[in-house]
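Everything on this sheet refers to the single structure shown next.
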Amino acid sequence: LIHFVLYAIFSLFLYLLSCKMTLGLDTLMKKWTFVFIIGSVVGMSIEFIQYTLIPSRSGEWFDVIANSVGLITMLITIYLLKRIGVL
């Protein structure tokens, strides 16, 4: 649950960052792709580092799944908020 919530918040901040950037992120789909790729890479990297480099920690596939579900849920929420004119 913590992974889900934190990555949902993280994806919201990534989305807001993508709105301010001028890297050709002009459509909603490009912004979503940016958020999902960056968020997924960060989440998988953290789990990989925990699994390989930190003996007292373990990387979990369920954490990666929770991260991804949090990202996707927030992207859907952003889409719905844009449709009703909040964002």
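Cβ-Cβ under 9 Å, sequence separation 6+ or interchain: first residue in the range 1-29 and closer than 21 Å to Gly43 by Cβ and in contact (Cβ under 8 Å) with a residue 24 or more places away in the chain, partner assigned to a helix (DSSP H, G or I) and charged (D, E, K, R). Which pairs?
His3/Asp63; Leu14/Lys31; Tyr15/Lys31
Limited to the range 46-82, what total is found for residues that are more than 26 Å from Leu28 (Cβ to Cβ) and among the polar types (S, T, N, Q)?
So the count comes out to 4.
Of the residues in the range 1-32, how many are open to solvent by 40 Å² or more (accessible area, probe 1.4 Å) and either closer than 28 Å to Gly59 by Cβ or polar (S, T, N, Q) (or both)?
Looking only at that region, the number is 14.
Within the range 38-69, how many residues turn out to be among the hydrophobic types (A, V, I, L, M, F, W, C) and either more than 14 Å from the chain's Cα centre (by Cα) or more than 28 Å from Leu16 (Cβ to Cβ) (or both)?
Residues meeting the conditions: 6.
Quickly run through the range 22-32 and pick out the residues that are farther than 11 Å from Ser11 by Cα and either of a type outside the set (Val, Ile, Thr) or in contact with a strand residue (DSSP E or B) (Cβ under 7 Å, 6 or more places away or on another chain) (or both).
Leu23, Gly24, Leu25, Asp26, Leu28, Met29, Lys30
Filtering the range 33-71 down to residues that are at pLDDT below 90 and either among the small types (Gly, Ala, Ser) or under 16 Å from Ile9 (Cα atoms) (or both), which residue is surrounded by the most Cβ atoms within 10 Å (Cβ to Cβ)?
Of everything passing the filter in the range 33-71, Gly59 is surrounded by the most Cβ atoms within 10 Å (Cβ to Cβ).
The values are calculated or read from the model by the stated rules, or taken from the named source; none is laboratory data. Quick caveat, the model's predicted, so the values are computed rather than measured. Cβ: placed from backbone, ideal geometry, glycine included. Neighbour counts: every protein chain shown. For accessibility, only protein heavy atoms count, side chains too; no ligands or nucleic acids. Shrake-Rupley method; radii C 1.70, N 1.55, O 1.52, S 1.80 Å.
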